[in-house]
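First the structure, which I've put down as structure tokens, then a few questions once you've had a look.
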Amino acid sequence: MDKNKKKSIPETSFDGIPNSNFWKRLWLFIVSPNMPTDDLENSNLKKYALKNLIASFFLTFGVVYFIEHLIPNLFKTNVSTIINPVYLSINIALQAVAFGIILSIASSVILLLKERKIHKIIFFQVIQVYTVLNLIITLLFWISLNRILNTGNINISINNIDYWLGGVIGLLVFILFFRLLFNPLWKYIKQYYSKYLALVFTILALSSTFWVNGYVYPYFSLNSDLIIKKQKACSQLYEIRNKKERKIKPAIGKDCFIGKCINLDS
């Protein structure tokens, strides 16, 4: 078969589904996350980074819905009915692209004296990292929303399962971030500078990226009203308060409460 032959539309679409090839690529990336230094055009990182990100969305919502029904004590509210999965996926993808572009530019500025070019490989590395972290980030979002609806505070867990799972996931995010992004970026910059200077520049590149990303975030994110279905969220909040806290005055009906809740930040 001619390797240069273009794939048909069904074949290309199949690449965006979490099949066996997706798992192999993901595993190889986790085992060996170092960025290629040559032949970027033919590297698997560039070929499959965006496709892997799309595939991870299909996987993520399947797993989260499964966990929600497998461990009913973890989610006291039906979070899946509150979230719009399509818009949440688009929002995460936009954040991945934004962070990748900013980090790529920041790193290129640092390496400007050594090589005058945009280091696009860093962008694709970020996309691949988001592919790995997508499931974890979404699950944390699920847990956070569940906590807010039940306790009113994102830092207060609703039970022991929530407490330990939140802690383990948070630690896992830190470990994967260091292994898949911080360390590979350090090794990449180390090709141009000394070991310790490269470490300083890596910290500088990531710090500046997080700082700039905080300002551009509103421009690369969807309106929260698209991601969270306010009416259903407020309806569940009413049921939780009315059942547990008994703090809603009898004079305030459900429709009135939901109306005020929806317009709370308007």
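Can you tell me which residues in the stretch 212-228 are surrounded by fewer than 15 Cβ atoms within 10 Å (Cβ to Cβ) and either modelled with pLDDT of 75 or more or in contact with a Gly (Cβ under 9 Å, 6 or more places away or on another chain) (or both)?
Matches in the stretch 212-228: Gly214, Tyr215, Val216, Tyr217, Pro218, Tyr219, Leu226.
In the stretch 147-176, what count of residues is obtained for those that are exposed (fewer than 12 other Cβ atoms within 10 Å of the Cβ), under 21 Å from the mean Cα position of the chain (by Cα) and in a loop (DSSP other than H, G, I, E, B)?
Total meeting the criteria: 1.
Another question about this same structure. Please count how many residues of the stretch 177-211 are of a type in the set (A, V, I, L, M), surrounded by fewer than 17 Cβ atoms within 10 Å (Cβ to Cβ) and touching a residue at least 12 places away in the same chain (Cβ under 8 Å).
2
Given the structure, is Arg116 at pLDDT 85 or above, basic (Lys, Arg) and assigned to a loop (DSSP other than H, G, I, E, B)?
Here the answer is yes, as Arg116 does meet what is asked.
With the requirement that a residue be in contact (Cβ under 8 Å) with a residue 12 or more places away in the chain, over 25 Å from Ile90 (Cβ atoms) and in contact with a helix residue (DSSP H, G or I) (Cβ under 7 Å, 6 or more places away or on another chain), what does the stretch 134-164 give you?
Hits for the stretch 134-164 are Asn150, Ile158, Asp162.
Of all residues in the stretch 1-27, which are over 20 Å from the mean Cα position of the chain (by Cα) and either aromatic (Phe, Trp, Tyr) or at pLDDT 65 or above (or both)?
Across the stretch 1-27, the qualifying residues are Phe14, Asn19, Ser20, Asn21, Lys24.
Tell me, yes or no, whether the stretch 204-224 has at least one residue that is under 20 Å from the mean Cα position of the chain (by Cα) and over 20 Å from Val126 (Cβ atoms).
yes
Do you know which residues across the stretch 194-244 are among the hydroxyl-bearing types (Ser, Thr, Tyr) and either touching a Cys at 6+ places or on another chain (Cβ under 7 Å) or under 18 Å from Ile105 (Cβ atoms) (or both)?
Thr202, Ser207, Ser208, Thr209, Tyr215, Tyr217, Tyr219
The values are calculated or read from the model by the stated rules, or taken from the named source; none is laboratory data. As the structure is a computational prediction, the values presented were derived from the model and not from experiment. All Cβ positions, even for glycine, are placed from backbone atoms using ideal geometry, and neighbour counts span all protein chains on display.
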